[in-house]
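Asks: Structure provided below as structure tokens; questions to follow.
The values are calculated or read from the model by the stated rules, or taken from the named source; none is laboratory data. The shown structure was predicted, so the numbers you read here are calculated from the model rather than taken from an experiment. Cβ coordinates were reconstructed from backbone atoms using ideal geometry, including for glycine residues, and neighbour counts include every protein chain displayed. Side chains included, ligands, DNA and RNA excluded: accessible areas come from the protein's heavy atoms. Shrake-Rupley method; radii C 1.70, N 1.55, O 1.52, S 1.80 Å.
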Amino acid sequence: MTNRTLRQVIQSIPASDGAGVRLRRSLGAQPGLRVDPFLMLDEFSSENPDDYVAGFPAHPHRGFETVTYLVDGHMLHEDHLGHRGDLKSGGVQWMSAGRGIVHSEMPQQERGRVRGFQLWINLPAREKMKPPAYRDLQPEEIPVVDLPGGGRVKVIAGTATADGRETRGPIAGLSTDPLYLDVALPAGGSFAQPVDGGHSAFVYPYEGSVTIAGARLPAHSAGVLGAGSRIEASAGGEGTRFLLLAGRPLGEPVVQYGPFVMNTRAEIEQAIRDYQSGELTRIA
Ligand code: MN
């Protein structure tokens, strides 16, 4: 098995989204900084309510999936179909926008820490106009694997292999076959995971740095991995927490206009017209 090396570092840059939520954007900060099928990764982390209290009021999406992983805090998700999800520390909301959704994500706290991630995963052309779908994963539905040398892995999507045992996450069976792990390692700890040789993969440390095949990746930057069938990561002297993402690339043209991601300009123009006319959220 060939270990994957660090091929490219995408440093996060400060950004603001929603009604003024301060965040760090790595993937998606520029159109060229995507890792097919992953379009965007935002990290939000603050103990200052001014940075998050305005939240993400109602806004549309079409053509891809949004995955919100709340590490710390409490947010409420609502959409035009009447779904309502209470997102608490350790919980995940996995939404497939498909042909169209209008949703909001609002903090349910006025003090304390809010920390988490929003990941955008593209949908293949044949699924971009499917009906929207939504899953709310409570923390207890997400398996946690204890690593033999200390540390642990939360398995949000795909299958983790640690210490020879396979642990399946609650999200499986999607076209992009995503692997979404949240790994915590103590100082000097290490972790290895097999990964499909044809899948794209990246690592995002959010506490401490992580070392991949001898190269150190600092916190708050996405490390895109080269080809190979195995990922081995180790912590420095402070321990680390990082996300590991992998998925099947779609190899299709990507045309993005804000919250709409399609294959052609004509489809984007259609999405804008459908949003303005109400067709985007018409309940079939
Ligand atoms: Mn959204």
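Asks: What number, in percent, do you get for the relative contact order of the stretch 137-195 if the mean sequence gap of Cα pairs under 8 Å and at least 6 apart is divided by its residue count?
Replies: Taking the mean separation of contacting Cα pairs over the length of the stretch 137-195, I get 34 percent.
Asks: As a test of the formula, what do you get for the chain when each DSSP H run with n ≥ 4 contributes -39,500 (n - 2.57) and the sum is divided by the residue count, at 222 nm and rounded to the nearest 500 deg cm²/dmol?
Replies: Value at 222 nm, helices only: -1500 deg cm²/dmol.
Asks: Same structure, new question: For the stretch 157-173, just list the computed ³J(HN,Hα) in residue order, Karplus coefficients 6.51, -1.76 and 1.60, θ = phi - 60°, integers in Hz, with x standing in for Gly and Pro.
Replies: Using θ = phi - 60°, the values come out as 9, x, 10, 8, 10, 10, 6, x, 9, 9, 10, 8, x, x, 9, 8, x Hz.
Asks: Which trypsin sites (Lys or Arg not before Pro) from the stretch 81-123 combine a DSSP loop assignment with at most 10 other Cβ atoms within 10 Å?
Replies: ARG111
Asks: Now a separate question. List the residues whose amide H sits under 5 Å from the amide H of ILE101, counting only those 5 or more places along or on another chain, with H placed 1.01 Å from N in the peptide plane.
Replies: HIS61
Asks: If you don't mind, another one. Any idea how far apart VAL9 and ARG282 come out in nm if each label point goes 7 Å out from Cα toward Cβ?
Replies: Result: 5.1 nm between the two label points.
Asks: What percent do you get for the relative contact order of the stretch 6-247 when only Cα pairs under 8 Å and 6+ apart count?
Replies: 19 percent.
Asks: Against the longest principal axis of the chain, how steep is helix 265-277, in degrees 0 to 90 to the nearest 10, with axes from Cα atoms?
Replies: Roughly 60 degrees, rounded to the nearest 10.
Asks: While we're here: Just grab the label-to-label distance for ALA54 and THR2, each label 7 Å out from Cα along the Cβ direction, in nm (one decimal).
Replies: Label-label distance for ALA54 and THR2, simple model: 4.7 nm.
Asks: Still on this structure, I have one more. Within the accessible area of the chain, what % is carbon and sulfur when the probe is 1.4 Å and the other protein chains stay in place?
Replies: Of all accessible area on the chain, carbon and sulfur atoms account for 48 percent.
Asks: Checking the a/c ratio against 1.5 first, then a/b against b/c, what shape does the Cα gyration tensor give for the stretch 1-124?
Replies: Oblate shape, in that a/c is at least 1.5 and b/c is the bigger or equal ratio.
Asks: I would also like to ask the following. Please list, by residue number, everything in the stretch 172-188 whose backbone N is under 14 Å from a paramagnetic label point 7 Å out along Cα→Cβ of ASP196.
Replies: 172-180
Asks: Over the chain, average the accessible area per residue using a 1.4 Å probe and give it in Å², no decimals.
Replies: Averaged over the residues of the chain, the accessible area is 42 Å².
Asks: Now for a different question. Which value, in debye to the nearest 20, describes the size of the charge dipole of the stretch 161-284 about its Cα centre when Lys and Arg Cβ atoms bear +1, Asp and Glu Cβ atoms bear -1, and nothing else is charged?
Replies: Roughly 60 debye, rounded to the nearest 20.
Asks: Can you give me the convex hull volume of the Cα atoms of the chain, divided per residue and expressed in Å³?
Replies: Considering the Cα atoms of the chain, their hull volume per residue is 120 Å³.
Asks: I would also like to ask the following. Which one, GLU166, GLU105, GLU252, has the greatest fluctuation when you compute a Gaussian network model over the chain with C-alpha springs under 10 angstrom?
Replies: Checking each option, the largest mean-square fluctuation is seen for GLU166.
Asks: In addition: Of MET1, LEU185, HIS80, which is farthest along the charge dipole of the chain in the positive direction, counting Lys and Arg as +1 and Asp and Glu as -1 at C-beta?
Replies: MET1
Asks: At a Cα cut-off below 20 Å, give the lysines reachable from LYS154, other chains included and same-chain residues fewer than 8 away excluded.
Replies: Within reach: LYS88.
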